Protein chains: 2
Amino acid sequence: MTDAAKAAAAVDEDRLWRRHMEMARLGATPAGGVRRLALDANDNEARRRLVDWARGFGFACALDPIGNLFIRREGSLREAPPVMTGSHTDTQPSGGKFDGIYGVLAACEALEALERAQIATRRPIEAVVWTCEEGGARFPMGTMGSSAFAGVRPLADILKVTDDAGISVEEALRGTRAALKGVPERPLGCQVAAFIEAHIEQGPELEARGLTIGVVTAIQGARRFLVEIAGEDAHAGTTTRARRKDALSAAVRMVSALERVFHDDPTDTVRFTVGRFRISPDAPAVVPGHALFTIDFRHPDEAVLTKLGDQVEALCRAQAGPCAVTVTETSRSRPVPFTSHVPDVIESAAARLDYARMRILSGAGHDAMHLAKLCPTGMIFVPCEKGISHNETENATAADLAAGTRVLAASLVELANA
Amino acid sequence: MTDAAKAAAAVDEDRLWRRHMEMARLGATPAGGVRRLALDANDNEARRRLVDWARGFGFACALDPIGNLFIRREGSLREAPPVMTGSHTDTQPSGGKFDGIYGVLAACEALEALERAQIATRRPIEAVVWTCEEGGARFPMGTMGSSAFAGVRPLADILKVTDDAGISVEEALRGTRAALKGVPERPLGCQVAAFIEAHIEQGPELEARGLTIGVVTAIQGARRFLVEIAGEDAHAGTTTRARRKDALSAAVRMVSALERVFHDDPTDTVRFTVGRFRISPDAPAVVPGHALFTIDFRHPDEAVLTKLGDQVEALCRAQAGPCAVTVTETSRSRPVPFTSHVPDVIESAAARLDYARMRILSGAGHDAMHLAKLCPTGMIFVPCEKGISHNETENATAADLAAGTRVLAASLVELANA
């Protein structure tokens with residue numbers, strides 16, 4: 001039996017499931033979901049528990065300046081760049097029990113499996129918690145920790161980002177560090193031999209095809225916009241239609257016009273979402289003078305991202321009527337193909353473990369997209385029920401979570417010994 | 001010179017303006033408007049100042065069980081039903097300096113003018129502050145105090161109404177009573193000889209025609225609806241259009257469909273407003289699973305209110321797509337014609353004072369619509385700048401405010417001596 005097979009065999013399905021259920025209590029919602037916003041008390045407590053767990057095995061822990069947490073199992077080549085694996089502990093405001101946390105718990109379970117099976121690796125292996133992956137949940141910026149680590153965004157800029165209550169990332173990190181007393185600091189960034197992120201698919205493909213493992217080949221690109229509309233507050237009972245500057249009406253026309261353009265039925269590859277929509281003063285008897293909404297547009301093809309995304313502003317302007325409109329592109333990420341050998345390593349591991357599998361595109365953005373700029377990178381998807389995610393009813397099976405973790409453990413051994 | 005003319009002459013424009021500016025400080029917003037929500041600390045303070053002012057003249061004050069405040073100038077016939085005049089002190093969340101408070105300060109100025117001019121009347125005259133006129137600002141129910149007074153709604157039901165923070169009217173009234181220590185209580189309701197409410201027009205007609213006084217002949221009717229849409233939260237990056245149950249998209253289709261039906265260009269008499277519109281979880285990367293919006297629909301013709309209003313539910317259902325929709329009619333008020341002699345008394349007073357005037361329809365609902373069920377009722381409108389109201393920039397001139405108050409004072413003398 002190879003070390004990779006031993007590592008896979010040492011993964012404990014029950015232990016892994018129990019840890020998911022324990023983590024789900026941190027920020028549990030009445031409807032069975034999780035609201036664990038980046039760097040909030042529950043998110044800090046999740047890390048604290050991981051550190052406790054790591055200390056039990058003698059794994060070294062460290063925090064970098066953006067709060068990414070690293071848990072290291074040493075290799076025989078102590079100076080060699082580590083193989084990394086992990087994901088995030090934060091959730092959407094009405095999130096589920098598996099998005100993000102699965103990749104973290106799978107990473108830890110893989111380390112524990114290697115330890116229990118007494119498997120030595122040449123390179124160190126580090127389990128990582130990337131800070132604040134979920135953009136727009138607490139802070140407007142997502143994949144915060146991994147983008148800082150990869151040098152995609154300047155740390156100083158990220159630390160200044162604030163939540164709706166005006167609390168900056170820098171301030172919030174003080175609470176995280178206080179919750180993790182005794183965890184040493186390490187500098188931002190380092191050489192990485194390879195990175196694998198395990199994640200629920202957040203889409204329906206694996207379940208629909210009865211498959212267990214998705215070998216991710218690329219992450220689609222995304223463009224995000226903020227549309228702000230200024231009209232004029234007015235009395236609902238007296239102001240004639242002709243004299244209104246109704247920001248809600250303008251926003252409704254804009255969203256209608258955008259929805260007419262942003263689709264590609266029956267291919268259905270375009271992802272167009274207005275996820276935030278607010279008006280003010282938001283009073284039933286007042287014609288709303290202000291409105292804002294966000295656009296989240298994703299596609300695997302950079303040419304389509306450019307062609308459709310570049311129409312947003314004109315489409316909004318054309319529907320503004322008597323209102324003023326400002327369109328801001330708040331972020332843009334190109335599609336990220338995983339071009340290294342890592343997807344092949346993952347696929348081979350899945351094949352040896354005899355899991356039904358497919359190559360798959362990631363519809364969502366992940367921390368892995370930033371790591372792909374630094375090092376050979378791949379992702380392992382496992383099915384999630386009906387493809388539902390970013391939702392309190394998000395679900396996955398213990399068997400599928402364990403299968404993904406076995407593929408991960410085996411792949412890590414291969415990469416760490418390569 | 002008649003007593004009515006003497007009363008009108010004793011109205012002091014500067015004093016009236018100064019009191020408006022003083023009241024505007026209670027809940028002043030940075031943009032120059034007023035946010036004085038029903039029964040909040042500022043609203044209570046406004047009443048406290050009125051009581052202080054009343055005590056200076058020896059006018060008796062009383063609070064009824066819904067918090068309506070009465071300031072009474074005695075008549076020679078102490079047992080006769082009083083003539084009443086007044087309006088409200090609460091504002092919309094982003095309200096102005098004149099809506100409501102003008103009718104209260106005009107009522108007080110009229111009492112002061114009669115007092116200073118030493119004019120005796122046969123009937124008592126009472127200045128009234130009606131509780132919580134602005135529906136949907138703090139509490140979902142508007143014209144709360146006047147509807148309780150007129151017996152339109154049961155007091156027990158009104159006291160149970162809660163604001164967004166879960167505070168009931170009953171609890172809020174404890175704060176109001178505490179702020180008005182020493183003001184005696186009186187029972188709900190009483191016989192009323194006549195009622196006049198002075199108010200800014202909240203529409204453009206008087207200003208556009210260069211007129212000073214609007215003699216209100218009727219208040220248009222209103223129907224209000226709450227539309228709630230249930231879809232399914234889903235991941236913005238992975239969920240195909242075909243599988244989405246997007247509550248925002250459904251709401252946008254509904255508002256578009258409603259706007260296509262609810263207008264009567266070029267007559268432009270239909271008032272259709274979606275003033276509140278909220279989605280959840282309101283996160284940029286999540287397909288919204290829930291949405292709600294309000295409809296405020298007004299028209300002077302009961303037949304049109306019925307014909308168009310009865311289509312709301314069907315129009316929403318037709319656009320629901322994969323979502324579930326619930327349409328609730330939250331309130332309905334019929335058009336209220338002012339059929340008594342009071343409009344004639346007001347028009348005659350305006351004519352004798354030589355103010356340019358017109359008969360006019362009220363686009364907004366007012367406390368006067370409930371009083372009209374109890375007693376002969378009328379309203380006096382004065383121009384407001386560009387017809388803008390329910391807006392922080394709401395404006396009126398000191399001269400127009402004083403003109404309306406002179407007409408009010410003269411009319412009160414006529415009615416109290418009739």
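So the values come out like this:
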quantity: For region B:287-418, fraction of C-alpha pairs farther apart than 21 Å, in %; calculated: 59 percent
quantity: Average Cα contact separation per residue, region B:90-174, under 8 Å, 6 or more apart, as relative contact order %; calculated: 20 percent
quantity: Ellipsoid semi-axes in whole angstrom, largest first, where each is sqrt(5λ) of the Cα gyration tensor of region A:1-155; calculated: 27, 20, 12
quantity: Amide H contacts of residue A:32 (H built 1.01 Å from N, under 5 Å, at least 5 apart or other chain); calculated: none
quantity: Neighbouring partner chain Cβ atoms per residue of A:252-258, average, 10 Å criterion; calculated: 4
quantity: Karplus 3J(HN,Hα) series, Hz, for region A:104-120 with 6.51 cos²θ - 1.76 cosθ + 1.60 (x for Gly, Pro); calculated: 6, 5, 5, 4, 5, 4, 5, 4, 5, 4, 4, 5, 5, 7, 6, 9, 8
quantity: Other-copy label distances relative to residue B:165, 7 angstrom Cα-Cβ extension, nm; calculated: 1.7
quantity: Candidates B:164, B:64, B:99, ranked by Gaussian network fluctuation over chain B, Cα under 10 Å, top entry; calculated: B:164
quantity: Alpha carbon convex hull of region A:49-133, projected area averaged over orientations, nm²; calculated: 5.8 nm²
quantity: Compactness of region B:221-333 as Cα Rg over 2.2 N^0.38 Å, two decimals; calculated: 1.15
quantity: Using alpha-carbon coordinates, inclination of helix B:41-57 to the longest axis of chain B, degrees; calculated: 10 degrees
quantity: Using θ = phi - 60° and Karplus 6.51 cos²θ - 1.76 cosθ + 1.60, couplings along region A:286-294 (whole Hz; Gly, Pro as x); calculated: 10, 4, x, x, 9, 8, 9, 8, 9
quantity: Pair-distance profile P(r), taking every C-alpha pair of region A:95-243, with 10 angstrom steps and integer %; calculated: 7, 25, 31, 19, 9, 5, 2, 1
quantity: For residue A:198, residues with placed amide H under 5 Å, excluding near neighbours; calculated: A:86, A:380
quantity: Value of Rg to Rh for the protein assembly as shown (Rh from inverse mean 1/r over Cα pairs, i.e. Kirkwood); calculated: 1.11
quantity: Of B:193, B:107, B:156, the one that fluctuates the most in a GNM where chain B has Cα springs shorter than 10 Å; calculated: B:156
quantity: Average partner coverage of A:382-390, which counts Cβ from other chains inside 10 Å; calculated: 4
quantity: Tilt relative to chain B, helix B:169-179 - C-alpha long axis, 0 to 90 degrees, to 10; calculated: 40 degrees
quantity: Dipole moment magnitude, nearest 20 debye, the protein assembly as shown about Cα centre, only Lys, Arg, Asp, Glu C-beta charged; calculated: 500 debye
quantity: Rounded tilt (10° steps) of A:247-261 against the dominant C-alpha axis of chain A; calculated: 60 degrees
quantity: Ratio of the Cα radius of gyration of region B:158-289 to 2.2 N^0.38 Å, where N counts its residues; calculated: 1.66
quantity: Over chain A, volume per residue of the alpha carbon convex hull, in Å³; calculated: 138 Å³
quantity: Average other protein chain Cβ within 10 Å of Cβ, residues A:129-136; calculated: 2
quantity: Unit charges on C-beta of K, R, D, E only; dipole of region A:182-313, Debye; calculated: 500 debye
quantity: Amide proton proximity set for residue B:359, modelled H, under 5 Å, gap of 5+; calculated: B:215
quantity: The protein assembly as shown - share of DSSP beta bridges that are antiparallel (%, nearest 5); calculated: 70 percent
quantity: For chain A: relative contact order, % (alpha-carbon pairs under 8 angstrom, 6 or more apart); calculated: 25 percent
quantity: Mean separation of Cα contacts under 8 Å (6+ apart) over length of region B:96-253, as relative contact order %; calculated: 17 percent
quantity: Lysine-lysine proximity count for chain A, Cα under 25 Å, sequence distance 8 or more or distinct chains; calculated: 4
quantity: Copy-to-copy label separations for residue A:77, where each label sits 7 Å from Cα toward Cβ, in nm and ascending; calculated: 10.7
quantity: Phi-based couplings in Hz for region B:403-411 (Karplus 6.51, -1.76, 1.60; Gly and Pro marked x); calculated: 4, x, 6, 5, 5, 5, 4, 5, 5
quantity: Value at 222 nm in deg cm²/dmol, rounded to 500, when DSSP H runs of n ≥ 4 in chain B each add -39,500 (n - 2.57); calculated: -10500 deg cm²/dmol
quantity: Label spacing, shortest first and in nm, from residue B:341 to its equivalents in the remaining copies (7 angstrom along Cα→Cβ); calculated: 10.4
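None of the figures in this text is laboratory data; all of them are computed from the coordinates on show. Quantities reported herein were computed from a predicted structural model and do not represent experimental measurements. Every residue, glycine as well, gets a Cβ built from its backbone with ideal geometry; the counts of neighbours run over all protein chains shown.
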